């Protein structure tokens, strides 16, 4: 059992019936598997009053601040039209991506296994966002985005961007031909066509691996900066602690 520290603080992330505690002490971040907030003090010496909970059950509506000030809970962001949702972990990632430039204005891309979030941030707020189920569709069609370096066919991307109404026909042909790169290219083309307002004339940052989005955007003449997810997560935790008044 660790002795509770007056300086240590932490962030609780509930997952699948358990809780991950990200304990911060002296600038070091360590992850612990704990049962609940009370167990956090026993496991890592973090007092209950110095814990922040990522609360996916609650939600804020956009526009909303990246991080609330002085709070001990961080909610999801729920948008009604178009329907979209950012979980609290996504807010931490966004805050981390902007930690060094809090007044940055542009689009943050957060590619997840099933959904990619396109988030417009401005004036230290989440202004609006949309999600695209490209990852989910690619996996269902035998072209998971995490495989083979997320290779895609640029010709397929261009075909669907110019004629998105033929997406279903193009996908059928690509699947029958066993062409995973074409499948992903067509899906990315449909996504970029739908999200044009989010990347045309905007600054973009991708949280995580550059591929496939940075190369796909480069085909359109748009440059996007990729930032490492692990580093952004840690920076976001520190930003959350600072907003809560637990650290500088």
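Values in this text are rule-based calculations from the coordinates and carry no lab data. Quantities reported herein were computed from a predicted structural model and do not represent experimental measurements. Virtual Cβ from ideal backbone geometry, glycine too; neighbours counted across all protein chains shown.
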- Message: With a 10 Å cut-off between alpha carbons and a GNM built on the chain, which of 111, 228, 82 moves the most?
- Response: 82
- Which value, in Å to one decimal place, does the Kirkwood hydrodynamic radius take for region 120-192 when every pair of different Cα atoms is included? 12.8
- Calculated from DSSP H runs of 4 or more alone, at -39500 (n - 2.57) each and per residue, what is the 222 nm mean residue ellipticity of the chain, nearest 500? -10000 deg cm²/dmol
- Item | Full-stretch length increase - residue 133, residue 47 - with 0.36 nm per residue and alpha-carbon distance subtracted | 27.0 nm
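On full extension of the chain, what length is gained from residue 30 through residue 225, given 0.36 nm per residue of separation minus the C-alpha to C-alpha distance?
Using 0.36 nm per residue and subtracting the Cα-Cα distance, I get 67.5 nm.
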- Note on the structure: The value for region 1-56 (convex hull of the alpha-carbon atoms, volume per residue, Å³) is 67
- Query: Given springs between every Cα pair under 10 Å in a Gaussian network model of the chain, which of 23, 35, 97 has the largest fluctuation?
  - Reply: 35
- Message: Contact order normalised by length for region 1-56, with contacts defined as Cα pairs under 8 Å and 6 or more residues apart; what percent is it?
- Response: 43
- Item | residue 58/residue 80 FRET efficiency (R0 25 Å; Cβ-Cβ; nearest 0.05) | 0.95
- Note on the structure: Taking every C-alpha to C-alpha distance in region 202-245 and binning by 5 Å from 0, the per-bin percentages run 5, 22, 21, 16, 13, 10, 7, 4, 1
- Query: What FRET efficiency would be calculated for the residue pair residue 115, residue 172, taking the C-beta separation as r and a Förster radius of 30 Å, to the nearest 0.05?
  - Reply: 0.80
- Item | Fully extended contour minus Cα-Cα distance, from residue 196 to residue 123, at 0.36 nm per residue | 24.1 nm
- Query: When only Cα pairs under 8 Å and 6 or more residues apart are kept, what is the percent relative contact order across the chain?
  - Reply: 17
- What do the square roots of 5 times the Cα gyration tensor eigenvalues come to for region 143-240, in whole Å, largest first, as semi-axes of the equivalent ellipsoid? 28, 16, 10
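Rounded if a/c is under 1.5, else prolate if a/b is larger than b/c, else oblate: which is region 72-113, with a ≥ b ≥ c the root eigenvalues of its Cα gyration tensor?
In terms of gyration-tensor shape, prolate.
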- Message: Pairs of alpha-carbon atoms within less than 8 angstrom and 6+ residues apart define the contacts here; what relative contact order does region 16-135 have, in percent?
- Response: 17
- Query: For the chain, modelled as a Gaussian network with Cα springs under 10 Å, which listed residue fluctuates most, 180, 218, 193?
  - Reply: 218
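Kirkwood hydrodynamic radius, the chain, all distinct C-alpha pairs: what's the number in Å?
After inverting the mean inverse Cα-Cα distance, the result is 19.2 Å.
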- Query: Taking the Cβ-Cβ separation of residue 72 and residue 203 as r and a Förster radius of 35 Å, what is the calculated FRET efficiency to the nearest 0.05?
  - Reply: 0.60
